[in-house]
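Here the structure is laid out as structure tokens; the discussion comes afterwards.
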Amino acid sequence: MGFGPHEAFWNTRTSVINCAATEPHNKSLSTSSYSVPRWVAFSQLQLLRFLVNAHVECGYSVSTGHWSEPRLVEDPLLRIHGLAPGLNYGQQAFEGMKAYRDPQGNINVFRPKDHAARLALSCSAVAIPTIPEDLFLRSVNLVIASNAEYVPPHDTDAALYIRPLVFGSDPFFAVSAGTGYKFCIYVQPYRAYHGSQPIPALILEDLDRAAPKGVGHVKVGGNYGPVLKWSDQARAEGYFITLHLDSRTNSEIDEFSTSGFIGLKKTGDSFTVVVPSSRSILKSVTSTTCLDLARSLGWNVEVRPIPYPELQYFSEVIAVGTAAMLVSIKSITRRSTEETFAYSTDGSGDGCKQLQQALLDIQKGRVKSNEDWLWQVSPVEQPSGDENA
């Protein structure tokens, strides 16, 4: 049973589970009728512009050795001790996913099991207890079902962005793994934040994103915070995305600061798709999907180290990620060598358009994929939970 035209869909009223942050965990949840927020202008959405109904929280305590059941919390603000390892030592990890409506109005999440697996890998890198896949999926279902009216209609170019995050939450002075953890999932409707026009990129030469044997392959805040200063500076100078070379030799392409790297070489009506291979880059779910789609289109696929000089031989370069989707790169500049490689100038390149369309057709349920990539959200009953952390 899904969210069809008469179940929590756009032109109806929907029941929303309300759970105040201060409510005891074992207290019965109340339900109330909630009107569809018709003021939401999906054609003008940006990330994080308004509040939704609730987010989901789970707790973990070393003393119990397991995660609590997910509970809904209306207050988006978290109450955290100032000595929490997540705040002091960067013991945290996060994910990013999306949900779309299909033509029938059902809500589908794109490849949530892959994101659950990647979050588990990130947790292992920073000594956070693994979140079981079943708990992850139930939490995703609960938070989306409880915010169903904020999932944009099928005929818009917007989606519901899903942000799972986990961090050490109990106060702890020692630089070691903590005793308590919090897992949350927030959602926001949004549109791709880079837009649809090609953007210029700048190679960052004053900052190494990740050490060769570091944590560049996982999704933790420490890989993003240090680049903010440089990204803001580059943006002020007209470069809307930054690109990293490998930290050891500065001679190979790693990835963009916020997205994966895909290079295309056109041969006739076909393409060869080249993606970097490195232990220091994040395994992008979107990039992996694009490789599968490229193979289905009959294109050649290569996953290997990309020498810096090879930039001149690509007909297109694409930045790929969950929030950004597929963004054509207009040019890549390296200031130390005074080189600029020019690519798409007037709109997205043909290869990018084909991959983007194939991806959107699957994500929005217009065509079926050969893989089990779409996971349908189900209506939920009132949840019951226990507080273990």
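The values are calculated or read from the model by the stated rules, or taken from the named source; none is laboratory data. Everything numeric in this text was worked out from a predicted model, so none of it was measured. Reconstructed Cβ throughout: ideal geometry from the backbone, glycine too, with neighbour counts over all protein chains shown.
What the table shows:
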quantity	calculated
Pair list, Cβ under 7 Å, 6 or more apart: the stretch 158-177 residue in the same structural domain as Arg101 (by TED's automatic domain parsing) and closer than 18 Å to Val220 by Cα, other residue among the acidic types (Asp, Glu) and at pLDDT 95 or above	Pro164/Glu95
Matching residues in the stretch 82-123 - criterion: being touching a Ser or Thr at 6+ places or on another chain (Cβ under 7 Å) and either exposed (fewer than 15 other Cβ atoms within 10 Å of the Cβ) or not in a loop (DSSP other than H, G, I, E, B) (or both)	Gly86, Ala93, Met97, Lys98, Ala120, Cys123
Residue in the stretch 129-149 that is under 17 Å from Val218 (Cα atoms), free of Cβ contacts under 8 Å to residues at least 60 places away in the same chain and surrounded by fewer than 19 Cβ atoms within 10 Å (Cβ to Cβ) present	yes
Pick from the stretch 231-244, criterion surrounded by fewer than 17 Cβ atoms within 10 Å (Cβ to Cβ) and under 22 Å from the mean Cα position of the chain (by Cα), ranking: nearest to Leu165 (Cα to Cα)	Asp232
Hits in the stretch 254-277 - residues which are surrounded by fewer than 24 Cβ atoms within 10 Å (Cβ to Cβ), assigned to a loop (DSSP other than H, G, I, E, B) and modelled with pLDDT of 95 or more	Ser257, Pro276, Ser277
Within the stretch 297-353, strands (runs of 3 or more DSSP E) holding 3 or more residues that are of a type outside the set (A, V, I, L, M, F, W, C)	325-334
